[in-house]
1. Could you please find all residues in segment 77-122 being under 17 Å from G63 (Cβ atoms) and free of Cβ contacts under 8 Å to residues at least 24 places away in the same chain?
2. Is there a residue being farther than 30 Å from L22 by Cβ, surrounded by 13 or more Cβ atoms within 10 Å (Cβ to Cβ), within 35 Å of the chain's Cα centre (by Cα) and modelled with pLDDT under 90 anywhere in segment 161-180?
3. Pick from L104, L142, L99: which is at pLDDT below 90 and either loosely packed, with under 12 Cβ neighbours inside 10 Å or under 25 Å from G52 (Cβ atoms) (or both)?
4. In segment 98-114, is there at least one residue being touching a Phe, Trp or Tyr at 6+ places or on another chain (Cβ under 9 Å) and β-branched (V, I, T)?
5. Which one of these is assigned to a helix (DSSP H, G or I) and either in contact with a helix residue (DSSP H, G or I) (Cβ under 9 Å, 6 or more places away or on another chain) or modelled with pLDDT under 90 (or both): R196, R157?
6. Do you know which residues across segment 235-252 are touching a Lys or Arg at 6+ places or on another chain (Cβ under 8 Å) and not aromatic (F, W, Y)?
Amino acid sequence: MVRIASLLAIALVALAGRAWPLSVQTIEPRPFGYTVGDVLERRVLVDRAQDGTVDPASLPRPGRSSRWFQLREAASGPDGVRLRYQIVNTPLQPERENLPSLRLRVIGPDGRARQADIGPFTVALAPVAQFGPNDVIQSDNLRPDLDPEPIDTSRRRAWVLGCGAALAALSMVIVAPVAARRLSGRRSGPFARAARALRRLVPAQDAAARDQALRRLHAALDEAAGRTLALDNVDQLFQLHPWLAPARIKVEALLADSRAAFFGNAPAPAPEHLEAVAAELADLERRR
């Protein structure tokens, strides 16, 4: 047992002194299509939970790194390192050159430091060329354009359509009762029907037309009051329909003219006057 315990202790010490492998990944730029002045970006991704973070002191300093490349920026972040290189020279003919290798120090969650070696990355450089009028570019040497990826707008369109439908439904709930009342009053109200009938009688000015117009408007007042209306019971009309109050004076004058015409042999009011009174009552009926 003592020997087994000793072996376990030695194994644990060996494991403690052994560097745990890092799960470092790189995102490299495209390997072709560069010339002098272009900027390339390399990214080194480090799993923060498993490996830790990159020590900023181990980053390479900006500056000329080779004949072809100059490091413009080296920045560390929560997920790794970003390196930006610029091509500072032009070859006489297409060549393949290597971005420099890196050695970064990673501080693990336990506080221990480990080395992460990043190998070089090869890119193709092309000279700056000027084509003359007699130069021919072979189409076989040209790569086709990349189509942009379509933007998925289905969720936004569904959201807009849903909002539009909700707004339309809310508008219908608010507007429909008012429109129904006005439309109903316009089409089926007693004063609206009387106003339409009187408009047809206005051109006629004979005694029969006057009498018919007076009887038609009187019938509308009787229908609104629910009984035969006269000066003696006119208050019941305005108690039943307070919205007719602005026309009270004209209604009472009309009832007086009606009594004089039916019982006193007085001439009935002119159809255009009756039509104006009916139009005012119809307007109050429509806006109630």
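1. Hit for segment 77-122 is S101, nothing else.
2. Step one: of segment 161-180, the residues farther than 30 Å from L22 by Cβ are 161-180.
Next cut, surrounded by 13 or more Cβ atoms within 10 Å (Cβ to Cβ) only: none.
No; the residues of segment 161-180 include none that is farther than 30 Å from L22 by Cβ, surrounded by 13 or more Cβ atoms within 10 Å (Cβ to Cβ), within 35 Å of the chain's Cα centre (by Cα) and modelled with pLDDT under 90.
3. Numbers: L104 fails: at pLDDT below 90; L99 fails: at pLDDT below 90.
From the options L104, L142, L99, the qualifying one is L142.
4. Among the residues of segment 98-114, not one is touching a Phe, Trp or Tyr at 6+ places or on another chain (Cβ under 9 Å) and β-branched (V, I, T), which makes the answer no.
5. Working: R157 fails: either in contact with a helix residue (DSSP H, G or I) (Cβ under 9 Å, 6 or more places away or on another chain) or modelled with pLDDT under 90 (or both).
Exactly one residue qualifies, and that residue is R196.
6. The initial filter retains those residues of segment 235-252 that are touching a Lys or Arg at 6+ places or on another chain (Cβ under 8 Å), namely 236, 238, 241, 243.
Q236, H241 - these are the residues of segment 235-252 that are touching a Lys or Arg at 6+ places or on another chain (Cβ under 8 Å) and not aromatic (F, W, Y).
Let's see how each residue does on (1) under 38 Å from the mean Cα position of the chain (by Cα); (2) touching a residue at least 12 places away in the same chain (Cβ under 8 Å); (3) not in a strand (DSSP E or B):
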{"site": "E41", "(1), (2), (3)": "yes, yes, no"}
{"site": "V44", "(1), (2), (3)": "yes, yes, no"}
{"site": "R61", "(1), (2), (3)": "no, yes, yes"}
{"site": "R67", "(1), (2), (3)": "no, yes, yes"}
{"site": "Q70", "(1), (2), (3)": "no, yes, no"}
{"site": "A74", "(1), (2), (3)": "no, yes, no"}
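The values are calculated or read from the model by the stated rules, or taken from the named source; none is laboratory data. Please read these numbers as outputs of a predicted model, since none were measured by experiment. When we count neighbours, we look across all protein chains shown, and the Cβ atoms used for this are built from the backbone with ideal geometry, even at glycine.
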